[in-house]
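A.B. asks: Below you will find the structure I want to go over with you.
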Amino acid sequence: MTDGNLLTDQPALYEARFPDPDRLAGRWTEDCLRRHDAGPRVLDMGCGTGRDAAHLHSAGRTVTGADLSEAMLAHARSHHPGPAYVRADLHGFDLGVFDAVVCLDSSLLYCHTNDQLDGFLTSCRRALAPGGLLIAEMRNGAYFLGRTDLLDRPRADAFTWQGTAYRSTTTLTVDRTAQLLRRTRVWTTGDGSRPVEQRSAWRLLLPQELRHFLGVHGFEVVELHDGPGPRTQPPWQDGQLPGTTADADRLHVVARLRTTI
Ligand SMILES: C[S@@+](CC[C@H](N)C(=O)[O-])C[C@H]1O[C@@H](n2cnc3c(N)ncnc32)[C@H](O)[C@@H]1O
């Protein structure tokens, strides 16, 4: 059967499943912000559990975290205080003026359609002060051109959280018509509960397509690369500079809002 989103409905479980004890994603983001002289006001769109927003807050920034999930926002407020947390849809938002919008771990790819991408970038443009930055980190659609290693067979994972054993089987398929990567994940737990099936999808965004969208919306791309980043193998380390290729499975972009169009 299909339920809500087990992970975004249970943010503590999400953090247990995707641990980031060294705050790599937050540190990588802060490094990008500093390298490009961003001002202090940051909007984290699709902030999830709030751990990256809180890291940026601890680095001295004035941070707003926004997400569609009330469960994520409640967790962020209680576990990662400091930033302001608000409910907003990344397809269209108006939350004030910022020096940077960040969008981490494929949140941007919840813009499935071109209209949703246009809505997101129109909102970013409205949200950014002149010269403001958009920083995003996501799956790379180009990885799936000619590669099937992530599609060929279901992937099994297992972990234990608070004494309960969780097992998941994840199947990824490419929907070429919609240009989406569709995921079906079936969860079973050792406590005898019925299996839970969840479906999700991400836009398969190609690097040059993203560059085009950004240009149309008044952004200049200053970095577009496949790593190193917080979710690459090997992961980014302090002081490492961005690469120049966009071939591997993660895509990182830093774009600056042009002051003159
Ligand atoms: C994969 S999680 C990433 C969370 C966080 N950025 C991180 O790196 O840990 C994606 C997040 O996007 C949120 N999300 C999905 N669709 C959204 C939408 N249309 N507007 C705002 N947030 C959305 C989900 O609730 C979830 O918290």
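A.B. asks: According to the square roots a ≥ b ≥ c of the eigenvalues of the Cα gyration tensor, what is the shape class of segment 157-246, taking rounded for a/c under 1.5, prolate for a/b larger than b/c otherwise, and oblate for the remainder?
C.D. replies: Oblate, because a/c is 1.5 or more while a/b does not exceed b/c.
A.B. asks: Taking θ as phi - 60°, what are the ³J(HN,Hα) couplings along segment 18-34 by the Karplus curve (6.51, -1.76, 1.60), each to the nearest whole Hz, with x for Gly and Pro?
C.D. replies: 10, x, 9, x, 8, 6, 4, 5, x, 5, 4, 5, 4, 4, 4, 4, 5
A.B. asks: Rounded to the nearest 0.05, what FRET efficiency do Ala74 and Thr164 give with R0 = 25 Å and r taken as the Cβ-Cβ distance? Could you check?
C.D. replies: Values: r = 21 Å, r/R0 = 0.85.
For R0 = 25 Å, the calculated efficiency reads 0.75.
A.B. asks: Using 1/(1 + (r/R0)^6) with R0 = 35 angstrom and r between the beta carbons of His36 and Ser200, what's the FRET efficiency to the nearest 0.05?
C.D. replies: After rounding, the FRET efficiency stands at 0.65.
A.B. asks: If you split all Cα-Cα distances of segment 144-202 into 5 Å bins from zero, what percentages do you get per bin, shortest first?
C.D. replies: 4, 17, 23, 21, 13, 11, 6, 4, 1
A.B. asks: Pop out the Kirkwood hydrodynamic radius of segment 8-53 from its pairwise C-alpha distances, inverse of mean 1/r, in Å to one decimal.
C.D. replies: One over the average 1/r among Cα pairs gives 11.8 Å for segment 8-53.
A.B. asks: Rounded to two decimals, what is the ratio between the C-alpha radius of gyration of segment 76-158 and 2.2 N^0.38 Å?
C.D. replies: Relative to the 2.2 N^0.38 Å estimate, segment 76-158 comes out at 1.39.
A.B. asks: State the percent of C-alpha pairs, over all pairs in the chain, separated by a distance greater than 28 angstrom. Display every interim value, and only then the final one.
C.D. replies: Values: 11089 of 33930 pairs.
Here the tail beyond 28 Å accounts for 33 percent of pairs.
A.B. asks: For every helix of n ≥ 4 consecutive DSSP H residues, a contribution of -39,500 (n - 2.57) applies; sum these over the chain, divide by its total residues, and give [θ] at 222 nm rounded to the nearest 500 deg cm²/dmol.
C.D. replies: -7000 deg cm²/dmol
A.B. asks: Could you put Phe219, Phe18, Phe213 in order, starting from the residue whose Cβ has the fewest other Cβ atoms within 10 Å?
C.D. replies: Neighbour counts put them in this order, fewest first: Phe18, Phe213, Phe219.
A.B. asks: Among Thr160, Thr232, Thr171, what is the fewest-to-most ranking by other Cβ atoms within 10 Å?
C.D. replies: Thr160, Thr171, Thr232
A.B. asks: Simple spin-label model, 7 Å along Cα-to-Cβ: Thr122 to Val186 in nm?
C.D. replies: Rounded to a tenth, the inter-label distance reads 4.2 nm.
A.B. asks: Using Cβ contacts closer than 10 Å as the measure, can you line up Trp236, Trp161 from fewest to most? Could you put the intermediate results ahead of the total?
C.D. replies: Working: Trp236 21, Trp161 14.
Sorted ascending by nearby Cβ count, the order is Trp161, Trp236.
A.B. asks: Rounded if a/c is under 1.5, else prolate if a/b is larger than b/c, else oblate: which is segment 1-141, with a ≥ b ≥ c the root eigenvalues of its Cα gyration tensor?
C.D. replies: oblate
A.B. asks: Tell me the label-point distance for the pair Ser58, Asp175, using the 7 Å Cα-to-Cβ offset, in nm and rounded to one decimal.
C.D. replies: My value for the distance between the label points is 3.8 nm.
Taken together, the values in this text are just the output of simple stated rules run on the coordinates, not laboratory data. None of the values given here were measured: they were computed from a predicted structure. Methodologically, a virtual Cβ is constructed for each residue, glycine included, from the backbone with ideal geometry; neighbour enumeration extends over all protein chains shown.
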